[in-house]
Ligand SMILES: [Zn+2]
């Protein structure tokens, strides 16, 4: 079939720039990666559909489907990952980030670990399986814009959530977990609160409206919310077993002899599973509403960047236990966000599980240790075998 070997796959995927950035100048289409995957998966017999992602700058999702010849269209396995990478830390790379470089039993390159390598390993695993004997559907999904908005995964779920012909029973998201199955993570929400008062000479407080004083009330209320979250919600699987609220950054005023006219606070909230971001937003507004009533128009609450939902799978789910057995690693909970909360909306038992360490993700000189590759390839073969070939 002329498919590239594992290293060539890695190398071609890394070469294809698919950087996601919030700013337009740093943002890059992921089409080259999507086209590479499409051509390899088509060669392997998959039916490939690409879909432009709305609210993106030239980004595409890819769904590759391989149906068994026995006519079964229900159930099966979805292997999912993101096709984009974070931007490069200019000046911090010791080699070309878009060139796979082998050194000290490591493959260096942007996306080697997070997470183009996952797709390369899937392609290698698929070549060693008797795909003609498939008994259940097998799907590969590559998303766009995971590193910024997660709009790719969100659009995919919107498109497929209620389609009767697409009902994978199990899903793996191949983010770098060191090949341990991850069944739960917290979400993330970053908000800004801006108080607009009125500046004036400090000698006469009645001439202005002091934004720092209003922010003091905001902080008092947010501190109450922080405690309420601790009191009301618990998930003992996490080392910090409650939702957190952090006051991370504040800036206001310009001189000691002026009434402060503007003050801005940045906060970070990390919900446990079961608290949708929407509910957190409502809580923030509820807690700040007395201040908004006291100072009409002075309090503005805004998103610093798009939030990520928490993901709450089950430790005792059969899929978690099967994956743990095949990986020979205990199921874990982690502190970073993934597309799992969205993919699980498709109704499949979902896990995050992939080669490489999260320590290397989003870092200059990102690499994957080549010693982990054979085990990863064999685990993915077994996972596919388990879901789609027996
Ligand atoms: Zn990732």
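The values are calculated or read from the model by the stated rules, or taken from the named source; none is laboratory data. Note that the coordinates shown come from a computational prediction; the quantities given were computed from them, not determined experimentally. In this analysis, Cβ positions are derived from the backbone assuming ideal geometry, glycine residues included, and neighbour counts consider all displayed protein chains.
Points worth noting:
- Output for segment 103-123, where each listed residue is at positive phi and buried (at least 24 other Cβ atoms within 10 Å of the Cβ): 109, 111
- Candidate set from segment 158-197 (those that are surrounded by fewer than 18 Cβ atoms within 10 Å (Cβ to Cβ) and under 19 Å from residue 48 (Cα atoms)); member that is farthest from the ligand (Cβ to nearest atom): 164
- Single residue of segment 111-135 satisfying the filter (away from the ligand (no atom under 15 Å from the Cβ) and part of a loop (DSSP other than H, G, I, E, B)) that is nearest to residue 383 (Cα to Cα): 129
- Taking every residue in segment 164-189 that is at positive phi and pairing it with any residue that is within 15 Å of the ligand (Cβ to nearest atom) and not in a strand (DSSP E or B), at least 6 positions away or on another chain, the pairs with Cβ-Cβ distances below 8 Å are 178/355; 178/356; 178/357; 178/358; 179/353; 179/354; 179/355.
- Breaking point among (1) within 16 Å of the ligand (Cβ to nearest atom); (2) surrounded by 24 or more Cβ atoms within 10 Å (Cβ to Cβ), for residue 151: (2)
- Test: residue in segment 45-57 that is surrounded by 13 or more Cβ atoms within 10 Å (Cβ to Cβ), more than 16 Å from the ligand (Cβ to nearest atom), farther than 29 Å from residue 344 by Cβ and modelled with pLDDT of 95 or more: no
- Filter result for the condition that a residue is in contact (Cβ under 8 Å) with a residue 60 or more places away in the chain and under 20 Å from residue 119 (Cα atoms), over 41, 36: 41
- Complete set of residues in segment 347-385 that are part of a helix (DSSP H, G or I) and modelled with pLDDT under 95: 358, 359, 360
- Restricted to segment 335-345, and to residues there that are out of contact with any helix residue (DSSP H, G or I) (no Cβ under 7 Å at 6 or more places or on another chain) and modelled with pLDDT of 95 or more, the residue that is nearest to residue 287 (Cα to Cα) is 341.
- A single entry from 52, 21, 8, 80 fulfils the requirement of being free of Cβ contacts under 8 Å to residues at least 40 places away in the same chain and over 19 Å from residue 128 (Cβ atoms): 52.
- Filter result (in a loop (DSSP other than H, G, I, E, B) and closer than 27 Å to residue 331 by Cβ) within segment 229-259: 233, 234, 235, 236, 237, 238, 239, 240, 241, 242, 243
Results for (1) assigned to a loop (DSSP other than H, G, I, E, B); (2) more than 16 Å from the ligand (Cβ to nearest atom); (3) crowded, with 22+ Cβ neighbours inside 10 Å, shown as yes or no for each residue.
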position: 26; (1), (2), (3): yes, yes, no
position: 41; (1), (2), (3): no, yes, yes
position: 65; (1), (2), (3): no, yes, no
position: 81; (1), (2), (3): no, no, yes
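- Residue within segment 87-97 that is surrounded by 21 or more Cβ atoms within 10 Å (Cβ to Cβ) and away from the ligand (no atom under 16 Å from the Cβ) present: no
- One residue from 6, 13, 63, 31 being out of contact with any strand residue (DSSP E or B) (no Cβ under 9 Å at 6 or more places or on another chain), within 14 Å of residue 82 (Cα to Cα) and modelled with pLDDT of 95 or more: 13
- When the residues of segment 289-308 are filtered to those that are part of a loop (DSSP other than H, G, I, E, B) and in contact (Cβ under 8 Å) with a residue 24 or more places away in the chain, the one that is farthest from residue 194 (Cα to Cα) is 295.
- Condition met for residue 152 (modelled with pLDDT of 95 or more, closer than 23 Å to residue 60 by Cβ and touching a strand residue (DSSP E or B) at 6+ places or on another chain (Cβ under 6 Å)): yes
For (1) at pLDDT below 95; (2) within 27 Å of the chain's Cα centre (by Cα); (3) more than 16 Å from the ligand (Cβ to nearest atom), each residue gets a yes or a no:
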| position | (1), (2), (3) |
| --- | --- |
| 244 | no, yes, yes |
| 258 | no, no, yes |
| 278 | no, yes, yes |
| 287 | no, no, yes |
| 293 | no, no, yes |
| 307 | yes, yes, yes |
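- Candidates 367, 311 - the one that is in contact with a helix residue (DSSP H, G or I) (Cβ under 9 Å, 6 or more places away or on another chain), more than 27 Å from residue 159 (Cα to Cα), within 16 Å of the ligand (Cβ to nearest atom) and touching a residue at least 60 places away in the same chain (Cβ under 8 Å): 367
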